[in-house]
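Asks: Quick one: the structure is below, questions incoming.
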Amino acid sequence: MASLHFKYAAMNSGKSTQLIQAHFNYLERGLCPLALIPALDTRDGVGVIKARVGLSLEAETFNKQQDLFDLVINKHQSSKQDVVIVDEGQFLSRDQVYQLAKVVDELNIPVMVYGLKTDFMGELFEGAYHLLCLADKLEELKTICWCGNKGHFNARIDQNGQVVSEGLQIEIGGNERYVSLCRKHFIQGNAGEH
């Protein structure tokens, strides 16, 4: 039976690397994976999932208003989809999370979503909140803070490496804008040496 998976972590935990590996595993077995990424994430180009270790994958893009059930069913009608793999799941809307659950429940296609749980202020993203509520399987991927403890908070930093505590929830960026911190250093606003 198909399941809805949510694999979440702070920045720099290897989410994209694991996603690309999962996609490859399906291809290697002769199966057809459908990779999706929000259109707003253009850091590495439109429709590109790129891991810090250098791996990359072309993916279909979707916007906040797009019905993901319709997208999957249309793709499934032209060629059988064996799994749907979504990057940056924190950017999903509530409706899109429910649409992905419908893909699992009505089409019997597994869905694997990778993303952040919380933003730079320690607040749940909309997509993450609803994935935590609806997912059949939750998995936290691990990363570390500069001090060596578990890093599970995403701190936004400025050009001087100082932690920023105000701003828009969504600001696309990588290592130049975000750092993973443990709870203690997140609360202190201490990003360590940069």
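The numbers here are math on the coordinates, done by the rules we state, and not lab data. Model, not experiment: these values are computed from the prediction. Positions of Cβ are generated from backbone atoms using ideal geometry, with glycine treated the same way; all protein chains shown enter the neighbour counts.
Asks: Counting other Cβ atoms within 10 Å, keep those with at most 16, restrict to DSSP loop, and tell me which GluC sites (Glu not before Pro) in the range 51-149 are left. Write down the numbers at each step before the final one.
Replies: Working: sites: Glu58, Glu60, Glu88, Glu106, Glu123, Glu126, Glu139, Glu140; in loops: Glu88, Glu123.
Those that pass, being in a loop and sparsely packed, are Glu123.
Asks: Follow-up question, since we're still on this one. Sequence-distant or interchain residues sharing an amide H contact under 5 Å with Phe153, placed H: which?
Replies: Hits under the 5 Å cutoff: Leu181.
Asks: Still on this structure: Of the options Ser13, Gln99, Gly89, report the single residue whose Cα projects farthest towards the positive end of the charge dipole of the chain (beta-carbon charges: Lys, Arg +1; Asp, Glu -1).
Replies: Result: Ser13.
Asks: So what is the relative contact order of the range 4-142, in percent, for Cα pairs below 8 Å that sit 6 or more residues apart? Spell out each step's value before the answer.
Replies: Values: 266 pairs, mean separation 49.8, N = 139.
That works out to 36 percent.
Asks: Pull up the cross-link candidates among the lysines for Lys15, meaning alpha carbon to alpha carbon under 19 Å and not fewer than 8 places away within one chain.
Replies: Hits, sequence-local ones excluded: Lys7, Lys50, Lys117, Lys137, Lys142, Lys150.
Asks: Report the antiparallel proportion of the DSSP beta bridges in the chain as a percent, rounded to a multiple of 5. Write out the running numbers ahead of the final one.
Replies: On the way: 11 of 30 bridges.
Restricted to the chain, the bridges split so that about 35 percent are antiparallel.
Asks: Assign unit charges at the C-beta atoms only (+1 for Lys and Arg, -1 for Asp and Glu), then state the dipole size of the range 4-142 relative to its Cα centre in Debye, rounded to the nearest 20. Before the final figure, lay out each step's value.
Replies: Numbers: 14 positive and 19 negative charges, 67 e Å.
That gives the range 4-142 a dipole magnitude of about 320 debye.
Asks: Excluding Met1 itself, calculate the net charge of residues whose Cβ lies under 13 Å from the Cβ of Met1, where each Lys or Arg counts +1 and each Asp or Glu counts -1.
Replies: Details: positive: Lys137; negative: Asp105, Glu106, Asp136.
Every neighbour counted, the sum reads -2.
Asks: Starting from the range 69-135, pick out the trypsin sites (Lys or Arg not before Pro) whose DSSP state is loop and whose Cβ has at most 12 other Cβ atoms within 10 Å. Intermediate values should be presented prior to the final figure.
Replies: Values: sites: Lys75, Lys80, Arg94, Lys102, Lys117; in loops: Lys80, Lys117.
Listed in order of number, the matching sites are Lys80.
Asks: Which of His130, His76, Asn63 sits farthest toward the positive end of the charge dipole of the chain, with +1 on the Cβ of Lys and Arg and -1 on the Cβ of Asp and Glu?
Replies: His130
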